[in-house]
1. Suppose we keep only residues that are assigned to a loop (DSSP other than H, G, I, E, B) and touching a residue at least 60 places away in the same chain (Cβ under 8 Å) within segment 89-109. Which one would you say is farthest from the chain's Cα centre (by Cα)?
2. Taking ILE12 as meeting all but one of (1) outside any strand (DSSP E or B); (2) modelled with pLDDT of 95 or more, write down the number of the exception.
3. Looking at segment 8-43 only, could you name the residues that are of a type in the set (Lys, Arg) and either surrounded by 13 or more Cβ atoms within 10 Å (Cβ to Cβ) or closer than 26 Å to GLU127 by Cα (or both)?
4. Does any residue in segment 55-78 that is in contact (Cβ under 8 Å) with a residue 60 or more places away in the chain and farther than 13 Å from LYS29 by Cβ come within less than 8 Å, Cβ to Cβ, of a residue that is open to solvent by 40 Å² or more (accessible area, probe 1.4 Å) and outside any loop (DSSP other than H, G, I, E, B) six or more places away or on a different chain, and which pairs are these?
5. Looking only at segment 110-129, filter to residues that are outside any helix (DSSP H, G or I) and surrounded by 16 or more Cβ atoms within 10 Å (Cβ to Cβ); which one of those is farthest from the chain's Cα centre (by Cα)?
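The values are calculated or read from the model by the stated rules, or taken from the named source; none is laboratory data. Source: prediction; values computed, not measured. Heads up, the Cβs are rebuilt from the backbone with ideal geometry, glycines too, and the neighbour counts pull from every protein chain shown. Heads up: the accessible areas ignore ligands, DNA and RNA and are worked out on the full protein's heavy atoms, side chains in. Shrake-Rupley method; radii C 1.70, N 1.55, O 1.52, S 1.80 Å.
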Amino acid sequence: MHKQAELPAAVIFDMDGVLVDSNPFHLEKWIDFLNERRIPFDPATLPELILGKRNDTLFRHFLGSELTREESKRLSEEIESIFRKVFKAHAKPLPGLDRLIQECHAAGMPMAVASSAMRKNVEFVVEALGYHEYLCAVVTGDEVTHP
């Protein structure tokens with residue numbers, strides 16, 4: 001007789017690259033941002049440098065540590081607003097995710113999203129996918145000091 005494996009206590013999803021394939025769009029927004037400001041960068045290392053990082057960290061890297069918190073926040077709103085507009089038509093769950101969400105829900109397993117992305121982006125993606133009703137928590141980069 002085989003013993004049934006115990007289910008995990010909960011499932012916590014990241015957003016970018018787990019719920020949706022948004023990384024190419026994040027890369028594109030940063031390339032546009034850097035090109036518009038004539039900030040030099042190495043295209044070969046840019047993905048590793050930016051993906052998974054918070055905007056405030058990246059703005060300090062590219063624009064200098066003297067950038068004010070207010071200016072960083074303003075730039076972040078600007079760049080992420082553009083991202084949401086461009087990504088809206090592409091906000092689709094990664095293959096197999098709908099089934100996984102449904103199976104976890106049917107098993108009564110609590111689910112959450114934890115992402116270093118800003119709350120507006122996480123809420124945007126969760127709503128676009130129709131997953132809000134399945135989640136018991138959403139934690140974003142806006143809520144932590146050290147993501």
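1. ALA107
2. With (1) outside any strand (DSSP E or B); (2) modelled with pLDDT of 95 or more applied to ILE12, the lone miss is (1).
3. The answer is LYS29, and nothing else.
4. none
5. Across segment 110-129, the extreme among qualifying residues is MET111.
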